[in-house]
1. Based on the Cα atoms of the range 3-240, what semi-axes does the equivalent ellipsoid have, where each is the square root of 5 times one gyration tensor eigenvalue, given in whole Å with the largest first?
2. Which of the GluC sites (Glu not before Pro) found in the range 1-104 are in a DSSP loop and have at most 11 neighbouring Cβ atoms, other than their own, within 10 Å?
3. So what J values fall out for the range 195-202 if you push phi through Karplus, 6.51 cos²θ - 1.76 cosθ + 1.60 with θ = phi - 60°, rounded to Hz, Gly and Pro as x?
4. Against the longest principal axis of the chain, how steep is helix 119-132, in degrees 0 to 90 to the nearest 10, with axes from Cα atoms?
5. Within a Cβ distance under 14 Å of Gln82, other residues only, what is the Lys/Arg minus Asp/Glu net charge?
6. What does the charge add up to near Ala126, with Lys and Arg as +1, Asp and Glu as -1, over the other residues with Cβ less than 10 Å from its Cβ?
7. Taking θ as phi - 60°, what are the ³J(HN,Hα) couplings along the range 210-226 by the Karplus curve (6.51, -1.76, 1.60), each to the nearest whole Hz, with x for Gly and Pro?
8. In deg cm²/dmol and to the nearest 500, what is the mean residue ellipticity at 222 nm of the chain if only DSSP H runs of at least 4 residues count, each as -39500 (n - 2.57), divided by the residue total?
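No lab work stands behind these numbers, since they all come straight from the coordinates. Everything numeric here is computed off the predicted structure, so don't read it as measured data. All Cβ positions, even for glycine, are placed from backbone atoms using ideal geometry, and neighbour counts span all protein chains on display.
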Amino acid sequence: MSELIRVEHLTKTYYLGEVQVPALKGVDLTIPAGECIAIMGASGSGKSTFMNILGCLDRPTQGKYFLEGKDVSGLSRDELAQIRNQKIGFVFQNFNLLGRTTALENVELPLYYRHNHSSRDRRRAAREALKTVGLRDREHHLPSQLSGGQQQRVAIARALVNQPSLILADEPTGNLDTRTSLEILDIFQRLNRESLITIILVTHEPDIARYAGRHVVFRDGKVIQDERIQPRQAADDLARLPILAEGELS
C-alpha cells in the first residue's frame, strides 16, 4: 500500500501564560493508504491534538506532517482549509448537523466551497452519498426528525461527499446504543474495504477499537503502543444481536 500519512518528530506545545503545556512529544508514525486504524488513549494523552493536526485543524510546534507526500505542516490557513475540503472528511460524536437544514442540504454543504460544482452536481453527489449510507429516502428530513444513528449516517455522508482520501472519526459512536454503534462501524468497515478510504477512529473505548485493524495508543504525548490486529466484523456481530421490534431502534 502507498503511504498516505507520515509524521516526523511531531511536537505540539500549548502556552498558558508563561506555562508551557506539551501535548505531543516527538511522535513518529506512518499510515498507509487504505488502513483502518484506532487512535486510543486517556483524556490528556495527546490523541485529540494528534487528530487535530492530521485534520489540518492545527499546526505542530515542531516536526513535519506529510499527507499524500506533501508537507502540509507549514501551509497557510487558506491552504489548510483547501486540504480539509479536498482530502479529509470529518465525523464527530455530536454529529454537528445544521438543525434547520435537511439531510440533503447538510450533505451538500462541503461542495459549496468547490466552485466547479453546479447546483445539479451538488444535489447529485449528495444523493449518492446518502444512498451509500442507506438514507436515500430521508433526504428531506430535518435532523430533529431523524434518530441518533440516522443523524450520524448523514454526518458520514457529508464526510463522503467530496470523495476524501481520509475520514477522521472522533468518538463516532459515543452517543449511540450498541446496535446503532455496530451499524455505524459496519459502514466505516465497508467504506474502508470497498472504497479503500483510510479510516482513523479516535476512541477511548477498547470495544470500539476492536473493529479497526491497527491500534495506536498515546500516553503523555507519546505513542506507547502500535500493533496490527485481526479486526472484528461489525456486520457479523450485528447479525448476532436479537431483532428488535419496530420502534425500538434508535
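1. They are 29, 22, 16 Å, listed from largest to smallest.
2. Those satisfying the criteria are Glu18.
3. 9, 6, 7, 6, 10, 10, 9, 9
4. With both axes taken from Cα atoms, the answer is about 90 degrees.
5. Net charge around Gln82: +2.
6. With Lys, Arg at +1 and Asp, Glu at -1, the net is +1.
7. Per-residue couplings from phi come out as 4, 8, 9, x, 8, 10, 10, 10, 9, 8, 6, x, 10, 7, 9, 8, 8 Hz.
8. About -9500 deg cm²/dmol.
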